[in-house]
Structures are given as C-alpha cells and as structure tokens.
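Undergrad: First the structure, then my questions, so here it is.
The values are calculated or read from the model by the stated rules, or taken from the named source; none is laboratory data. This structure is a prediction, so every number in the text was calculated from the model and none was measured. Cβ: placed from backbone, ideal geometry, glycine included. Neighbour counts: every protein chain shown. We work out accessible area using only protein heavy atoms, side chains counted, and drop any ligands, DNA or RNA first. Shrake-Rupley method; radii C 1.70, N 1.55, O 1.52, S 1.80 Å.
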Amino acid sequence: MDIYLDTTNVTDIKKWLAMGLMDGITTNPSIMLRDGFFDLEAGAREIASIIKPRPVSVEVTSDVPEEMLQQARSIIKWAPNIVIKIPQLTRDGTPCYAVMRKLEEEGIPVNATLAMNFGQVMLSAKAGASYISIFVGRIGDEGGDATKVVRDSVDWLKLWGYKGKIIAASIRSVPDFLASASAGAHIITTPPNFLQVMTDNKCSREGVRRFIADAEAALAKIQKSKREA
Ligand code: E4P
C-alpha cells in the first residue's frame with residue numbers, strides 16, 4: 001500500500017519524503033488555494049521536482065470536455081511524474097468518462113476524482129483510469145459506508161483485472177485511514193497531520209524514556225566500578 005500526502009505544503013512534503021514514508025502527492029484547486037499556491041503551473045512544477053519520480057496529481061480547472069483535454073495535454077508537459085485529475089462529472093452532471101478514455105489512450109495517466117460510490121468506480125475503471133479517488137470523508141458526510149465502497153471496489157478491480165488503483169481520499173481522521181487500509185485501498189492520500197498522530201503513542205515515549213534512563217544507570221555503574229578498581 002502506498003501513502004500519498006493530500007497537500008501542497010512543501011515543508012510537510014520534504015519532512016515525510018525524508019522519512020521514506022511518502023509515495024506521492026495529490027492536489028486539487030482548493031488545497032492549492034489554501035496553501036497559497038495561486039500559480040498552478042509553478043506550484044505543480046515545484047512539487048513534481050521535489051518528489052520525482054513519485055507521482056503528483058494535478059486537477060484540470062475546467063469542466064468543458066474539450067478544454068479539459070487541452071488543459072490535460074498542456075499540464076502533462078510540465079513534468080514527467082504528473083497525473084491528471086478528471087472529475088466524474090461536470091457541474092451540470094455530464095459524465096467525464098470520454099475525457100478519461102481519450103487521455104488514457106493518448107498515454108496520459110488519469111486520476112478519476114470525486115468518486116462517491118461503487119458505480120462511479122466501475123465506470124472510471126472501464127474508462128481506463130489509472131487511479132480512482134474514492135472520497136471517504138465526503139461519503140461519510142452523506143451517511144454512506146465508505147469502507148464498503150473501498151472494499152467492493154478493490155475486490156471488483158482485482159476480480160476483473162482492471163489496472164486502476166484505488167486511492168482512498170478525503171481522509172478526515174486516523175480511523176478513516178486505518179479503515180481504508182483494512183479495506184484494501186491500494187493508496188491512501190492523507191493530510192500530513194494524521195500521519196503525525198499515527199507516529200505517536202505515550203507508551204512508546206514512556207518506553208524510550210525508561211530504556212534511556214536504565215542505559216544511563218548501567219553506564220554510571222560501569223564507570224563507578226572502573227573508578228573503584
Ligand atoms: C483527493 O485527492 C482530494 O484532494 C481530497 O482528498 C479531498 O478531500 P476533502 O474532502 O477533505 O476536501
């Protein structure tokens with residue numbers, strides 16, 4: 001299972017990259033706006049360069065099919081490790097599977113984003129998407145069982161041999177992360193703060209304190225017996 005960070009915060013990206021725990025990045029226009037990356041191209045190029053060869057997902061900013069195709073063909077040239085995020089639907093509800101299909105046929109990897117149910121996952125996979133992002137938190141907001149969507153999707157992709165990988169996205173808590181991992185998500189993209197929470201445990205910290213204290217006590221005893229010898 002891979003762990004992606006759902007962020008454009010460069011400090012966090014470098015921190016988790018250095019720990020060897022970060023396998024890729026997902027972005028969207030809202031995350032970029034929040035993190036002050038107003039220039040999509042400059043931001044995407046910077047992140048792609050920091051994390052290469054790991055992938056960074058960059059979302060198109062139009063929902064007009066022809067414009068989405070043109071944007072995707074332009075964005076993909078910014079760096080060799082870019083994946084293009086295409087939403088399931090346009091604002092008026094027109095499916096975007098033809099856009100996904102065309103881009104994948106052109107060799108442009110697609111992250112089919114904003115998937116909220118198993119049906120959308122199946123259609124994205126049939127359209128050839130390399131990645132399918134299931135929005136775990138937002139499914140839960142509507143009372144849905146996101147863990148079941150993730151599990152059903154992973155099982156179905158495997159049963160029929162589709163190449164698409166499930167990204168559990170819209171992670172809102174450590175339990176969201178753990179449930180998605182248990183359900184078999186190929187990738188989990190998470191805000192960095194939940195990884196930080198996962199690292200910590202007061203018994204681990206207390207254990208280290210005790211071991212260091214005892215090691216120091218043992219060293220003191222050796223030094224004392226050397227002095228007395
Ligand atoms: C995924 O790629 C999205 O960027 C992200 O997970 C959306 O999460 P949200 O529902 O917290 O906005």
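Undergrad: For segment 59-211, build the charge dipole from Cβ charges (+1 Lys, Arg; -1 Asp, Glu) around the Cα centre, then report which of 74, 130, 61 sits farthest towards its positive end.
TA: 130
Undergrad: Okay, next question. When all C-alpha to C-alpha distances in segment 75-139 are sorted into bins of 10 Å, what percent of pairs does each bin hold, rounded to whole numbers?
TA: Using 10 Å bins, I get a P(r) of 24, 53, 21, 2 for segment 75-139.
Undergrad: Might you tell me the accessible area per residue for segment 116-229, computed with a 1.4 Å probe and given in Å²?
TA: Ligands and nucleic acids excluded, the figure is 58 Å² per residue.
Undergrad: While we're on this one: Using C-alpha positions alone, give me the convex hull volume of segment 94-183 per residue in cubic angstrom.
TA: Output value, Cα hull per residue: 84 Å³.
Undergrad: Please report the spacing between the Cα centers of segment 100-159 and segment 183-228 in Å, no decimals.
TA: Taking the Cα centre of segment 183-228 as reference, the centre of segment 100-159 is 39 Å away.
Undergrad: OK, next. What do you reckon, how do 118, 38, 194 stack up by accessible area (1.4 Å probe), largest on top?
TA: On the way: 118 60, 38 160, 194 35 Å².
So the residues, ranked largest to smallest area, are 38, 118, 194.
Undergrad: Output the pairs from 126/158; 165/202; 52/77; 15/163; 15/52; 102/163 with a Cα-Cα distance over 23 Å in this structure; if there are none, say none.
TA: 165/202; 15/163
Undergrad: Here's something else I'd like to know. Is there a quick way to get the dipole size of the chain? I mean about its Cα centre, with the Cβ of Lys and Arg at +1 and of Asp and Glu at -1; what is the value in debye to the nearest 20?
TA: That gives the chain a dipole magnitude of about 1020 debye.
Undergrad: Any idea what the alpha-carbon Rg over 2.2 N^0.38 Å comes to for segment 1-92?
TA: That works out to 1.07 for segment 1-92.
Undergrad: Please compute the contact order of the chain in relative form: average sequence separation of alpha-carbon pairs under 8 Å and at least six residues apart, divided by the residue count, as a percent. Present the calculation step by step, with values, prior to reporting the outcome.
TA: Numbers: 379 pairs, mean separation 36.1, N = 229.
The normalised contact order for the chain reaches 16 percent.
Undergrad: Would you list 37, 211, 177 from the most to the least accessible area, probe 1.4 Å?
TA: Per-residue accessible area, sorted high to low, gives 211, 37, 177.
Undergrad: Once neighbouring chains are kept in place and the probe is 1.4 Å, which whole percent of the accessible area of the chain is contributed by carbon and sulfur?
TA: Ligands and nucleic acids excluded, carbon and sulfur reach 57 percent.
Undergrad: Hey, another quick one. Based solely on its DSSP helices, what 222 nm [θ] is calculated for the chain when runs of n ≥ 4 H residues each add -39,500 (n - 2.57) and the sum is averaged over all residues, nearest 500 deg cm²/dmol?
TA: The helix-only estimate for the chain comes to -16000 deg cm²/dmol at 222 nm.
Undergrad: Separate question: Given 25 °C and 0.890 mPa s, compute D for the chain with the Stokes-Einstein relation, Rh being the Kirkwood radius over Cα pairs; round to the nearest whole µm²/s.
TA: On the way: Rh = 19.1 Å.
In µm²/s, the coefficient rounds to 128.
Undergrad: If you count only protein heavy atoms with a 1.4 Å probe, what accessible area per residue comes out for segment 25-86, rounded to a whole Å²?
TA: Averaged over the residues of segment 25-86, the accessible area is 47 Å².
Undergrad: Please give the solvent-accessible surface of residue 208 in Å², to the nearest 10, using a probe radius of 1.4 Å with every protein chain present.
TA: The value for residue 208 is about 80 Å².
Undergrad: Roughly how big is segment 26-87's charge dipole about its Cα centre, with Cβ charges of +1 (Lys, Arg) and -1 (Asp, Glu), in debye to the nearest 20?
TA: So the magnitude is around 320 debye.
Undergrad: Which order do 176, 200 take by accessible area at a 1.4 Å probe, largest first?
TA: From most exposed to least exposed: 200, 176.
Undergrad: In debye, nearest 20, what is the charge dipole magnitude of segment 1-105 about its Cα centre with +1 on Lys and Arg Cβ and -1 on Asp and Glu Cβ, if you could check?
TA: For this selection, approximately 260 debye.
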